[in-house]
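A quick write-up on the structure given underneath.
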Amino acid sequence: MAIQKKENHFYMTNHAFVMKAEGLKKKLNTQTEDPTAIVSVEKDPNAVFGWKAKKIADIESLTEKSYGKGQSLIIDFGDHQVGYLTMKIRPVGSPPDAPLHMRVTFGEMPLEMGEDFSTYDGWVSSSWLQQETVHIDVLPHLLQMPRRYSFRYLKIEVLDTSPKYTVAFDEIYCETVTSADAKKITSLTTTDPMITEIDRVSIKTLQDCMQDIFEDGPKRDRRLWLGDLRLQALANYETFKNYELVKRCLYLFAAVTDENGQVSSNLFVAPTLIPDDTYLLDYSLFFPVSLYDYFVATEDSDTVKELWPTAYRQIELAFKRVNENHLMEDDVSGAWWCFIDWHPTLNKQASAHAVLIYAMKRAAELARAVGDDKQVADLETKIAQMKKAAIEYLWDEQQHCFISGEEKQISWASQIWMVLAEVFDTEKSRQVMKTLLAERPEIGPVTPYMYHHLVDALMLIDETTVARQIMQEYWGEMIEDGADTFWEAYDPQNKGFSPYGNNLFCHAWSCTPTYFIRKYKMD
Ligand code: RAM
C-alpha cells in the first residue's frame, strides 16, 4: 500500500450539508464505571497476544496500600470502557516535599500492561499508544485526565514521590461516553449461551464505537470510515436504532467531496470537517449502499432525494475504471486504490468489479425511489453488462472459481464478493461457495470485516447453517481468546496477526454478528 503525502488536496464543502449534520449532533450518554479488581499480568505462551491478567486483590483493598518510587499497580475495570478517567490521590507520610511524578498506561488487553511501549515499531504512529506521564505539585489531588481513552486495564507507575511520602488512591473511576442508548436493546429468546455472548460482545463493540460519529475504533483512528460506517449502521438498525447518527454521518460524507464529487474513504471531524486524502473505490461506492440501507431502515425519502446526486456520482466515478469490455481495470501501480481486506497480497480487481455491481443494484433501487426511470434503466443495463463481463473474463469454469488480476489470483474475497453481487443465480452461487469452503484458497480473510462478507454471502444463498457455524466459530473463538469487544484483525490461522505491527482491539467493523443474529433470527 502506498501512502502518499499530497501537497494539494482540494475538496469542496457543501455548507448546507455541514449545517444539517451539525444539527443532528446530540449530547452523549454518560455513565460512571468503577474498577472491579487489582490484577497482575504475566507472560503466557498460550495467550493470543502472549500475556494474561490475574486477579491479585479485591478492589476494596485499593485504599489500604500506598505507593512510592518505583512501585506500580494495575487496575482492571472488568469490561471495556471508553471515557474519561478520574483519580483521587492522597499523600501518605510527611507533607509532600516534592511533586508526584507518575506514568499512567491504558490498555484494552493485558499485553499493553506488560509490554514496554518504547519498543514499539509498527507502522502506525506510536502516539496512539495510550500512555501519559504527569506531575502533580499539590496533594491531595483530584486528577481528571483530559483525554478520552479506550481501555479495560489501567497501569499506574509511581516514578517518584520523595523519601518522605508515598501516595494512595482513594477513588478511581471512568466516566464513559457513547451515543448509543442501551435501553433500546431487546432481549434475545435463545438459550444458546454462545450466541447470547457473541451478541452481547457485538453490541458492546458497537456501543463503544458510537460517539459523535460512528468511529472505526475508539482507540485509533477515532475516525469516520465509510466501510466501517456501512456495517455499523446495519448493526445499529437491529440494536440501538440511532437513525439520526447514521443520517448525520451520511451528510458529513456528502458535505466534503473532491473536485470531481468523490466522497473520501474517511473524514476528520475536528478541528473542522475535513475529508482525508485517501480515496478508495469500494469505500466511495459504499456511500450509495449505505444510503440505500438507511432508506430501507427508515423510509426517509427526503434524505434520499437530497443525497441521491452524491450517491449516483460515486457510481459514475467508479466507471472511469471500467474498460470497453465492461470490466473493472486492475491497478498495477501499487497505489491503495481499493480496500476489500487487509490481506497483504490480495488482488482486488474481481472484488472491485463485484462491489460496483453490488452498489449499482442498490443505486437502481434509490433511483426508483426518487423516480428517475432513465437512471434505473441505465443502471440495469450496466449491471447486466458487468455481470456478463464477470463471467466472461473473471470466471474460470475449469477451476470453478473467480480469478483476479494479471496473475489470475484465486482468493476468498473474489468468490464472496461475486456471490454478493449475484453474478450467478442462487444455485450456481451455492456451488461457488461450496467449492470455496472445500478448496480453502490460501488468500483468505484476515479481518472480521471480510468474515462479515463471508457470512453475508452464505446468508444470501440460504446456507444458514454454515453461516451460523462460521460466525460462531470465528467470533466465538475471539471471545475464548479473551475479547470483551471484538477486534480489528483476527486470523485464526495466524493468531496475533495485525496489519499494522500492533493491534487495535475494539473495532467497529467486527460488530456485525448481532446484525445477523437479530435480522435473521439466528437465536
Ligand atoms: C483502518 C481503519 C478502518 C478501515 C481502514 C481501511 O486503518 O481502522 O477501520 O476502514 O483501515
Check: Using the Cβ atoms and a cut-off under 14 Å, what net charge is assigned to the surroundings of His400, where Lys and Arg are +1 and Asp and Glu are -1?
Finding: +1
Checklist line | Equivalent ellipsoid semi-axes - Cα gyration tensor, the chain, angstrom | finding: 44, 25, 21
Item checked: Backbone HN-Hα couplings from phi across the stretch 396-412 [Karplus 6.51/-1.76/1.60, Hz, Gly and Pro as x] -> 10, 5, 5, 7, 6, 7, 7, 10, 9, x, 3, 8, 6, 5, 10, 10, 5
Check: Can you give the angle from 0 to 90° between the axis of helix 349-369 and the longest principal axis of the chain, with both taken from C-alpha atoms, to the nearest 10?
Finding: 80 degrees
Note to self: 5 Å is the cut-off here: which amide hydrogens, built 1.01 Å from N in the peptide plane, fall below it relative to Ser162, excluding neighbours closer than 5 in sequence?
What the structure shows: Lys69
Note to self: Which three numbers, in whole Å and largest first, are the semi-axes of the equivalent ellipsoid of the stretch 165-295 derived from its Cα gyration tensor as √(5λ)?
What the structure shows: 30, 23, 12
Notebook entry, point to check: Whose amide H sits under 5 Å from the amide H of Phe268, counting only residues 5 or more places off or on another chain, with H placed in the peptide plane?
Noted result: Ile274, Asp276
Next item on the list: Work out from phi, with θ = phi - 60° and the Karplus expression 6.51 cos²θ - 1.76 cosθ + 1.60, the ³J(HN,Hα) of each residue of the stretch 27-40, listed in order in whole Hz, and give x for Gly and Pro.
Entry: 5, 6, 7, 10, 7, 8, 10, 9, x, 10, 6, 9, 10, 10
Next item on the list: Beyond 19 Å between alpha-carbons counts as too far, so tell me which of Lys54/Lys155; Lys184/Lys241; Lys428/Lys521; Lys27/Lys183; Lys348/Lys408 fall in that bin.
Entry: Lys428/Lys521
Note to self: Give me a comma-separated list of calculated 3J(HN,Hα) values for the stretch 464-470, in order, Karplus coefficients 6.51, -1.76, 1.60 applied at θ = phi - 60°, integers in Hz, x for any Gly or Pro.
What the structure shows: 4, 5, 5, 4, 4, 5, 5
Notebook entry, point to check: Roughly speaking, what is the stretch gain from Asp425 to Ala57, that is 0.36 nm per residue apart minus the C-alpha to C-alpha distance, in nm to one decimal?
Noted result: 126.5 nm
Checklist line | the stretch 322-441: equivalent-ellipsoid semi-axes (sqrt of 5 x gyration tensor eigenvalues, Cα, Å) | finding: 25, 17, 13
Next item on the list: Would you please put 416-424, 315-323 in order of how densely packed they are, using the mean number of other Cβ atoms within 10 angstrom per residue and starting with the highest?
Entry: 416-424, 315-323
Notebook entry, point to check: Between Glu171 and residues 5 or more places away or on another chain, which pairs have amide H atoms under 5 Å apart, with H built 1.01 Å from N, and which residues are they?
Noted result: Lys88
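Per the Kirkwood formula on distinct C-alpha pairs, the Rh of the stretch 462-523 is how many angstrom? Each step should come with its number before you reach the end.
Numbers: mean 1/r = 0.0800 Å⁻¹.
Final number for the Kirkwood radius of the stretch 462-523 is 12.5 Å.
Inverting the mean 1/r over all pairs of different Cα atoms, compute the Kirkwood radius of the stretch 410-476 and quote it in Å.
Numbers: mean 1/r = 0.0854 Å⁻¹.
Roughly 11.7 Å, rounded to one decimal.
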Notebook entry, point to check: In nm, to one decimal, how far is the modelled label at Lys408 from the one at Met145, with both set 7 Å along Cα→Cβ?
Noted result: 5.5 nm
Next item on the list: With a point put 7 Å past each Cα toward its Cβ, work out how far Ala182 is from Lys434 in nm, to one decimal.
Entry: 4.6 nm
Checklist line | His135-Glu480 pseudo-label distance in nm [points 7 Å out on the Cα-to-Cβ vector] | finding: 5.1 nm
Notebook entry, point to check: If one takes the longest principal axis of the Cα atoms in the chain, at what angle in degrees, from 0 to 90 and to the nearest 10, does the Cα axis of helix 426-439 lie?
Noted result: 50 degrees
Checklist line | Calculated P(r) of the stretch 250-334 - Cα pairs past 21 Å, % | finding: 35 percent
Margin query: Can you give the FRET efficiency to the nearest 0.05 for Ala335 and Val92, using r as the Cβ-Cβ distance and R₀ = 56 Å?
Written below: 0.45
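What number do you get for the stretch 30-178 when its Cα radius of gyration is normalised by 2.2 N^0.38 Å, N = residues? Don't jump to the answer; show the numbers that get you there.
Numbers: Rg = 15.3 Å, N = 149, 2.2 N^0.38 = 14.7 Å.
Scaled against compact globular proteins, the figure is 1.04.
Quick one: Thr447, Thr205, Thr189, fewest Cβ neighbours within 10 Å first, how do they rank? Let's see the in-between values first.
On the way: Thr447 20, Thr205 31, Thr189 7.
If I rank by nearby Cβ atoms, fewest first, I get Thr189, Thr447, Thr205.
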Notebook entry, point to check: Going 7 Å from the Cα of Lys25 in the Cα-to-Cβ direction, what parts of the stretch 253-287 have a backbone nitrogen less than 11 Å from that spot?
Noted result: 269-273
Next item on the list: Name the residue farthest towards the positive end of the dipole of the stretch 322-441 from the options Gln431, Gly334, His353, assuming +1 on Cβ of Lys and Arg, -1 on Cβ of Asp and Glu, about the Cα centre.
Entry: Gln431
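How large is the helix-only mean residue ellipticity at 222 nm for the chain, computed as the sum of -39500 (n - 2.57) over DSSP H runs with n ≥ 4, divided by its residue count, in deg cm²/dmol to the nearest 500?
Numbers: 14 runs with 191 residues, N = 523.
Result for the chain: -11500 deg cm²/dmol, rounded to the nearest 500.
How big is the dipole moment of the chain about its Cα centre under a simple scheme where the beta carbon of each Lys and Arg is +1, that of each Asp and Glu is -1, and everything else is neutral? Debye, nearest 20, please.
Working: 54 positive and 78 negative charges, 171 e Å.
Approximately 820 debye in magnitude.
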Note to self: If the reach is capped at under 23 angstrom between alpha carbons, list the lysines near Lys374, excluding any in the same chain fewer than eight residues apart.
What the structure shows: Lys305, Lys320, Lys361, Lys382, Lys387, Lys388
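Here, each number is a calculation from the coordinates, and none is a lab measurement. Since this is a predicted model, take the numbers as computed values, not measurements. As a convention, Cβ positions derive from the backbone with ideal geometry for all residues, glycine included, and neighbour counts pool all protein chains shown.
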